[in-house]
Amino acid sequence: MTMRLVVAVLAGSTIIAGASSARTPLLPRAATSADSGARLVLLGTGTPIPDPDRGGPSLAVVVNGTSYLFDAGPGVVRRAVAAAQRDSIPALRAPNLRYLFLTHLHSDHTLGVPDVMLTPAVMHRKGPLHVYGPPGTRALVTGILRAYHEDIDLRIHGLERGDSNAYRVLVHEVAPGLVYRDSNVTVRAFRVPHGSWRSALGYRVDAGGRSIVISGDTGPSDAIVDACHGCDVLVHEVYSKKGFDRLDSASRRYHSTFHTSALELGDLATRAKPKLLLLTHVLFFGESADEILGEARSRFAGQVVMGMDLSVY
Ligand SMILES: [Zn+2]
Ligand SMILES: [Zn+2]
């Protein structure tokens, strides 16, 4: 059986079938909220720059033994397994990765998509992977399945006798508004301005009595203020304004159009009023974590924390 024979398109979704641990820096562990029923696990807090201490952008919300991934940067599955082992979170073991939400399709946020599609399948995921993302997500997933069709065919029909169900991917291309709800979580998407991307999304996740807002990549936006509005955690991308000021004019133009400085973020947080502002996707531009924290704190009196891979909130 070839992949072509088992591709079926259903209303609103495409079902496609057949077709050494990551370095774990010893980091201070954040205060956890294991009792709250919803844990936020930072899997990767990096950018396109391949920093070995910061995996590609990805985080997980874990509720009642189920994990929901947001973005899939390089190394995502190994970081998830590291978190599963370090903090005893079985929901982040590879076979249990079943839900993935994408903010946008920039490569630093999606290079781990084939990893999330295929590695858990090899590890005997029970059932298909659900992928939610902006328009273009279906083409991305379909292209990955095409690229790997020989591998998938061999794993299912070769001596491994892999379960074809584990290799199925259900794609849901979403628009702003309610995109997902089950007994654990409600996920709403909102549009954010990320330079010239036609569709870049942020997400608000309500789970276990907590509200978590994920900025994705964005310039400063009222959409963040509206989505957060006193939320428990705002996870927001950031760059150093001091470092930015040393960049050449073309780089300044790019970053000021696509991203948010720590000063701008501080102003934004003052209006959004998160109980915790968590910095991720950090563009240091040669500056230190303390410098960036200082910039944000100069404009926001609330709690600000520099996100680190594998920290749990
Ligand atoms: Zn990015
Ligand atoms: Zn981006």
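The values are calculated or read from the model by the stated rules, or taken from the named source; none is laboratory data. Not measured: the values here are computed from a predicted model. We place every Cβ from the backbone using ideal geometry, glycine too, and count neighbours over all the protein chains shown.
Only one of the numbered conditions (1) under 22 Å from ASP182 (Cα atoms); (2) more than 15 Å from ligand 1 (Cβ to nearest atom); (3) at pLDDT 95 or above is not met by GLN85, and that is (1). If you go through the range 52-75 and pick out every residue that is more than 16 Å from ligand 2 (Cβ to nearest atom) and either out of contact with any strand residue (DSSP E or B) (no Cβ under 6 Å at 6 or more places or on another chain) or not in a strand (DSSP E or B) (or both), you end up with 6. Those helices (runs of 4 or more DSSP H) of the range 208-284 in which at least 2 residues are surrounded by fewer than 18 Cβ atoms within 10 Å (Cβ to Cβ) and either within 15 Å of ligand 1 (Cβ to nearest atom) or within 22 Å of the chain's Cα centre (by Cα) (or both), considering only elements entirely within it, cover 222-228, 249-258.
Give the residue that is farthest from ligand 2 (Cβ to nearest atom), with candidates limited to residues of the range 170-201 that are under 25 Å from ARG39 (Cα atoms) and small (Gly, Ala, Ser). In this case the residue turns out to be SER183.
Among the listed residues SER261, SER256, SER221, identify the single one that is touching a Pro at 6+ places or on another chain (Cβ under 6 Å) and within 16 Å of ligand 2 (Cβ to nearest atom).
Details: SER261 fails: touching a Pro at 6+ places or on another chain (Cβ under 6 Å); SER256 fails: touching a Pro at 6+ places or on another chain (Cβ under 6 Å).
After ruling out the rest, the residue left standing is SER221.
Could you figure out which of (1) out of contact with any Ser or Thr (no Cβ under 8 Å at 6 or more places or on another chain); (2) more than 20 Å from SER107 (Cβ to Cβ) isn't true of ARG198? For ARG198, the failing item is (2).
Among the numbered conditions (1) within 16 Å of ligand 2 (Cβ to nearest atom); (2) surrounded by 18 or more Cβ atoms within 10 Å (Cβ to Cβ), the only one that SER107 does not meet is (2). THR47 meets the conditions (1) farther than 19 Å from GLY202 by Cβ; (2) not in a helix (DSSP H, G or I) in every case but one. The failed one is (1).
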